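Where a number appears in this text, it was derived from the coordinates with a stated rule and is not lab data. This structure is a prediction, so every number in the text was calculated from the model and none was measured. Cβ placement follows ideal geometry from the backbone for every residue including glycine, while neighbour counts extend to all protein chains displayed.
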């Protein structure tokens, strides 16, 4: 891809199959987002804890990519705009057998009322 996009490193692999902070605290998420600069996997803005946005704010890493199966869009937090970017290092999403919301066994029955 001609011209690299600032805040995107296509060589970095994702940090794991779930939100780093939710996994550490037995939390849950609606959808997952991957930092396009360092690979940190965090939960989306609809999730109760919004760890992807918190990661961007604390690190200055501006761009995320969806970490959902079949989605490849990028989002730029500072401009609040979608943008085009290169293919990132595999895997491209969380495992397809991982439920949404997830992870299995930690999503409360009233999860829909807890979304942002």
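Packing around the peptides 78-86, 53-61, taken as the average count of other Cβ atoms within 10 Å per residue, puts them in this order, highest first: 53-61, 78-86. For the range 17-86, the Kirkwood hydrodynamic radius comes to 11.8 Å, computed from all pairs of different C-alpha atoms.
In percent, rounded to a whole number, the relative contact order of the chain is 28, using alpha-carbon pairs under 8 Å and six or more apart.
Given the peptides 5-18, 36-49, arrange them by the average over their residues of other C-beta atoms within 10 Å, most packed first.
36-49, 5-18
The slack between residue 87 and residue 57, meaning 0.36 nm per residue of separation minus the straight C-alpha distance, is 8.4 nm.
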